[in-house]
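Let me begin by presenting the structure, written as C-alpha cells, before commenting on it.
The values are calculated or read from the model by the stated rules, or taken from the named source; none is laboratory data. Source: prediction; values computed, not measured. Every residue, glycine among them, receives a Cβ derived from its backbone with ideal geometry; neighbour counts consider all protein chains shown. Calculation scope for accessible area: heavy atoms of the full protein, side chains included, ligands and nucleic acids excluded. Shrake-Rupley method; radii C 1.70, N 1.55, O 1.52, S 1.80 Å.
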Amino acid sequence: MKVSTKTIVTTGMFTAVLSVLSIVTIPMPSGVPVTLQTFAVALCGYVLGSKKGLASTVIYILLGTVGAPVFAGMTGGPSWLAGYSGGFIWGFLFLSFLSGFGMERRPVAGKIAGGLAGLFFCHLLGVIQFAVVASVSLPASFVAVSVPYLIKDVISVAGAYVVAVPIRKALAADGLAGREPGRRGENV
C-alpha cells in the first residue's frame, strides 16, 4: 500500500488538531471531563474521510497510550484507556470512522447520520466501561457519563460537519485532499 506525503501531512495535521482540542477540560464529578474531543474526532472523520480519519484517531490514541500528553487535560499513558473515560477514547475510533463514512455519502442527512451513529457507539462504549470500572449499573452509568454530555456532543458532531465542509474544499483546492473514488465534482 502506497501512502503519499500529502496523506501523511494531512493525517498528522488532524492528529495535532485533535490533540490540541483535547487540552481544555471542564472537570465533572463522574471523573469524565467535558472536552472538545468529540468535535475534534468528528472533524477528523468529516474532513479526512473514513480511512484517513480513523488513521488520525488511531495515531492520537497511540500517542496518548505511550505517554504523550494528548488526552484530556494534557494527560497520557495506558491507564487512561482502562479508566473511567477509557471507553469514550475507544469509542473515538467508531466516531471518526463513521463520520468519515457518512461524509462519503451523498445526502447531507446521511453525512450527519454517520457522525451521530459514531457518537452512539462512542457513548455506548463509554457507558459500558464506566459501569465496569466504577462498579455501577448500566442505567446509573448512562445517567452519570452520557446524559450530561449528549446535547453538547450532538451539537459538536453537527458543528464539526459545518466546519468540515469549507475545510474539505480548501484542502481539495490546495491539492491536499483528493476527490473521493467514484464521485464527480466537489467531495463535500
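Numbers at a glance
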{"read-out": "Residue in segment 75-82 that is open to solvent by less than 70 Å² (accessible area, probe 1.4 Å) and either assigned to a helix (DSSP H, G or I) or touching a residue at least 60 places away in the same chain (Cβ under 8 Å) (or both) present", "value": "yes"}
{"read-out": "Scan of segment 12-39 for residues that are part of a helix (DSSP H, G or I) and either more than 13 Å from the chain's Cα centre (by Cα) or without any contact (Cβ under 8 Å) to a residue 40 or more places away in the chain (or both), ordered by number", "value": "Gly12, Met13, Ala16, Val17, Val20, Leu21"}
{"read-out": "Search result, residues across segment 140-161 that are β-branched (Val, Ile, Thr) and over 18 Å from Ala117 (Cβ atoms)", "value": "Val143, Val145, Val147"}
{"read-out": "Top-ranked residue in segment 109-140 [being open to solvent by 60 Å² or more (accessible area, probe 1.4 Å), under 22 Å from the mean Cα position of the chain (by Cα) and at pLDDT 95 or above; ranked as farthest from Pro33 (Cα to Cα)]", "value": "Leu116"}
{"read-out": "Residues satisfying the stated conditions in segment 142-155, i.e. closer than 15 Å to Phe121 by Cα, part of a helix (DSSP H, G or I) and either open to solvent by less than 40 Å² (accessible area, probe 1.4 Å) or of a type in the set (A, V, I, L, M) (or both)", "value": "Val145, Val147, Tyr149, Leu150, Asp153, Val154"}
